[in-house]
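The values are calculated or read from the model by the stated rules, or taken from the named source; none is laboratory data. Note that this is a predicted model, so its numbers are computed, not measured. Here the Cβ is made from the backbone with ideal geometry for all residues, glycine too, and neighbour counts use every protein chain on show. Side chains included, ligands, DNA and RNA excluded: accessible areas come from the protein's heavy atoms. Shrake-Rupley method; radii C 1.70, N 1.55, O 1.52, S 1.80 Å.
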Amino acid sequence: MSRLWCKGVVTLAAAAALAVLPAAGASADVINTGLCDGAALSQPFAQWGDDAHYKLLPGGDFEGSLSGYTLRGGAKVVSGNESFGSGTKALSIPAGGSVLTDATCVNSANPTYRFFYKSQGGLLGLLPAMTVSLVYQDGLLGVVELPLGVVLPSGRWQPSLKQLTLASLGSAVADGSVPLALRFTAVAGTWTVDDVYVDPVSRR
């Protein structure tokens, strides 16, 4: 219990530190809502009522090289794509395994990320469980990891809920953008993840 409490305190402290940084040096130059790269955009979640334009995370379709990724605990690329798009591969993460993705630039225009997934099995009678952490590389704080992602178990392919990137808090660098990676960790059960997207245009 004390370990969980300490982890919660560290998470809140890191989030608070990120929140303070933009306030300390906030200016029109820092609060950037323009696209930070020339990534291709698409609307992969339109059939679920989400018309936002997203960019694919580097290597996020798992069809090619995973240069920049770190796979641990038996995580690996497997045959079988999510059932709503094209492709032939996905990422499998068994219980205890994790995947740290390559980073992509985000700023205040990048409010959310989403992905496709399915799950099976569990541990000691528990439902499948997976966490998703935001991993920011900040020039002042170094690596800041925030385990804030929520994923609901599903035996069939489905899109995740919209997850917040906290990019408006994390983009306290000179050009207004900051590298963001995601860490997927399977706590119980086996999870299959595919087509990881970041929303680069806030049009709400």
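Annotations
- Filter result for Q43 (exposed (fewer than 14 other Cβ atoms within 10 Å of the Cβ) and touching a residue at least 24 places away in the same chain (Cβ under 8 Å)): no
- Breaking point among (1) open to solvent by less than 60 Å² (accessible area, probe 1.4 Å); (2) out of contact with any strand residue (DSSP E or B) (no Cβ under 8 Å at 6 or more places or on another chain), for G121: (2)
- Pairing each residue of segment 143-166 that is closer than 17 Å to N107 by Cα and in contact (Cβ under 8 Å) with a residue 40 or more places away in the chain with any residue that is among the polar types (S, T, N, Q) and open to solvent by 20 Å² or more (accessible area, probe 1.4 Å), provided the two are 6+ apart or on different chains, yields C-beta distances under 7 Å for L146/T11.
- Residues within segment 38-78 that are more than 16 Å from the chain's Cα centre (by Cα) and outside any loop (DSSP other than H, G, I, E, B), tallied: 9
- Pick from segment 72-89, criterion among the small types (G, A, S) and within 11 Å of T192 (Cα to Cα), ranking: least open to solvent (accessible area, probe 1.4 Å): A75
- If the condition is being touching a Leu at 6+ places or on another chain (Cβ under 6 Å) and either hydroxyl-bearing (S, T, Y) or surrounded by fewer than 24 Cβ atoms within 10 Å (Cβ to Cβ) (or both), then segment 90-102 contributes A95, T101.
- Output for segment 46-71, where each listed residue is surrounded by 15 or more Cβ atoms within 10 Å (Cβ to Cβ) and charged (D, E, K, R): D50, K55, D61, E63
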